[in-house]
Amino acid sequence: MRFFTVIVFCLPLLIFAQRKPKKTSIRPDTSYHAPAISLSYFGEQIFHPGIRIGYLLHRKSLIKEKSVTYFLKGGQTFLKRKVKSASFLLSLATYGHFQNHIAFAPNAMYIRKTLYNNSIYRAHGFGVGTTTNLYLNATYSVNNQDQLKRNYLAGRSYFTIPLHFELGYDLEKQFQSSAQIFIRMGAQILSGYNAYILPVLHTELGYYFQIP
Amino acid sequence: MKKFILYIILGLLIACAKQEVKTKERFFFRNGKADMMVLVEGNISSNTFILLLHGGPGGNGSEYNFGTYAKLLEEQYAVVYLDQRGQGASQGNYDNEAITVHTMAKDVYELTKLLKAKYGTSSSIFLFGHSWGGMLGTAALVETDIQTQINGWIDADGAHSIPLLNKEAIKMFELYSQQVLNQEPQNELWGEIADFISEIDTNNITLEQGGLINSYGHEVESSIANITYDEEEAQMSLFEYVFINPTSPYTSFITGRLTSLGLYNEIEKKSYSNQLYKINIPCLFQWGVFDFVVPPALGYEAYEKVSTPSANKSLIFYETSGHSPMSNEPEKFANDIIAFVERYK
């Protein structure tokens, strides 16, 4: 058993052992990146459906390339490429608790993204925003004379801190167009909600495409 | 032929019109910076409303909108399910100083005024509190003018005094742990409870001990064979609560827990025992015999101390119930409320 465990733990050392010292190059990416539009299903806790539209502005990126030659895999040399980028996303999300309220959440986020070999990418972001919940039912109150006052589409607004983690896939190779699909798990922390906070969890499934 | 079609259309219109009798209405009730979700369900045309104050703090009105007892009550009257301030689907922008029993009692009073303004001043309103709702209802009765607005007070296992509740729960734990451990010395839960209560100084019960008394109170219910429970109904209620309920269980859990924490220090020391004499409207006290969460001694005290004449108050015990007789003996529980409401509406 111990022998087997040692073999299992040492296997990656064997697989990734390199025949030549790896070469690394890091350079800034100076090419033009057009702004992109994102469209996604925005589900509050998945079940409360909504939609999000975003405008992504590229800020800067860095290209990191490594060439490695393994002992295994026939001694071939592989080029590993990572593109790290930073961007801003301005977006508007809306989702509904249809027996209760509909929410509008505009926000601005700073996103850090790492693209691996022009295919899979991961990203995370944080930012600031607001969430306005508009009630779908009437809102009543009584005044000092005990008279009834009725408001339609009353609501409450909250300052929001949005956070997310994203996994995506670059479709450029497949479709010769700059587009990506992604799944995003996140939270919007509503501050001052009932005197405290409410982290609203959301799941997104969407698509980025560059403005031609 | 034309006449025949016209009759059919007229018939369909009449049939549709008949079904338009409102049995369910949902709205928000705004009081200051708090917006509270209200669901009015049942026979609204009866003009008799049972305003239900849920338990917790940290619960919500929708938790009570299921099962046999709710169906029986809703057939006769309209039941008003309120999500109290900071709980359930209720929202707002206010600071945590607005999370007090008194503020919440004022919410209840304002809501009764709203119901009168909305459904007519001739409407009959009965206040019905369960568990924590019993404390909130008592607070509204003794700290506001709500008694001028309502026809009666229904207190089901209501916690009007937490210090008394803790002492009485310890007495019940002592009694039952001795009985159980005599028969089953190896019983883990009751052994643990016996050890726990042996270390408590009943004149100085800490907040932490108070929290554990409450937890054990809920936990022991599942070990008492005398308590009846409709498993199928409980499963259906859970399904409806998670998937059909307008209140998101997640949101309700988070906001409810935070509001409960905000109230904790205040309510753990709160006692209305010395103010119960201010209550003089008809009262119905309903208690589960095996309620370890809010022991029956609180029911006795409330019954004895309110100023309501004996003819207009009653105390009913449910022999196979724990903390929630509406789930344990739903028919009897609902029928007792119906008899009370019929008498005083």
Count - residues of segment B:180-197 that are among the charged types (D, E, K, R) and either within 16 Å of B:HIS218 (Cβ to Cβ) or under 31 Å from the mean Cα position of the chain (by Cα) (or both)
1
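Please determine, by comparing only the residues of segment B:55-108 that are outside any loop (DSSP other than H, G, I, E, B) and polar (S, T, N, Q), which one is surrounded by the most Cβ atoms within 10 Å (Cβ to Cβ). Break it down into steps so the answer makes sense when it comes.
Within segment B:55-108, the subset outside any loop (DSSP other than H, G, I, E, B) is B:61-64, B:67-76, B:78-82, B:91-92, B:96-98, B:101-108.
Applying the additional criterion that residues be polar (S, T, N, Q) yields B:62, B:68, B:76, B:91, B:96, B:103.
On the way: B:SER62: 22, B:THR68: 16, B:GLN76: 18, B:GLN91: 27, B:ASN96: 15, B:THR103: 17.
The qualifying residue surrounded by the most Cβ atoms within 10 Å (Cβ to Cβ) is B:GLN91.
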Inspect all residues belonging to segment A:113-121 and state whether any of them is under 23 Å from A:ILE189 (Cβ atoms) and touching a Lys or Arg at 6+ places or on another chain (Cβ under 9 Å).
yes
Scanning segment A:117-159 for residues that are in contact (Cβ under 8 Å) with a residue 40 or more places away in the chain and polar (S, T, N, Q), which turns out nearest to the other protein chains (Cβ to nearest Cβ)?
A:THR131
Number of the condition not met by B:VAL242 [criteria: (1) more than 21 Å from B:THR100 (Cβ to Cβ); (2) touching a Leu at 6+ places or on another chain (Cβ under 7 Å); (3) part of a helix (DSSP H, G or I)]:
(2)
Pick from segment A:94-110 the residues that are more than 14 Å from chain B (Cβ to nearest Cβ) and surrounded by 20 or more Cβ atoms within 10 Å (Cβ to Cβ): which of them is nearest to A:TYR158 (Cα to Cα)?
A:ALA105
Checking B:ILE99 against (1) within 14 Å of another protein chain (Cβ to nearest Cβ); (2) at pLDDT 95 or above; (3) touching a Gly at 6+ places or on another chain (Cβ under 9 Å), only one condition comes out false. Which one?
(2)
Scan of segment A:27-45 for residues that are surrounded by 13 or more Cβ atoms within 10 Å (Cβ to Cβ) and β-branched (Val, Ile, Thr), ordered by number
A:ILE37
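For segment B:255-269, what are the residues that are part of a helix (DSSP H, G or I) and surrounded by fewer than 18 Cβ atoms within 10 Å (Cβ to Cβ)? Talk me through it step by step, then tell me what you get.
Taking segment B:255-269 as the starting set, the residues that turn out to be part of a helix (DSSP H, G or I) are B:255-267.
Within segment B:255-269, B:ARG257, B:LEU261, B:TYR264, B:ASN265, B:GLU266 meet the criteria.
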Residue that is nearest to A:GLY125 (Cα to Cα) [pool: residues in segment A:190-199 that are within 8 Å of chain B (Cβ to nearest Cβ) and assigned to a strand (DSSP E or B)]
A:PRO199
Of the residues that make up segment A:117-124, is at least one at negative phi, modelled with pLDDT of 90 or more, of a type in the set (D, E, K, R) and surrounded by 14 or more Cβ atoms within 10 Å (Cβ to Cβ)?
yes
Any residue in segment A:184-198 that is free of Cβ contacts under 8 Å to residues at least 40 places away in the same chain sitting within a Cβ distance under 8 Å of a residue that is of a type in the set (Asp, Glu) and not in a strand (DSSP E or B)? List the pairs, counting only those 6 or more apart or interchain.
A:ALA195/B:ASP95
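The values are calculated or read from the model by the stated rules, or taken from the named source; none is laboratory data. Not measured: the values here are computed from a predicted model. All Cβ positions, even for glycine, are placed from backbone atoms using ideal geometry, and neighbour counts span all protein chains on display.
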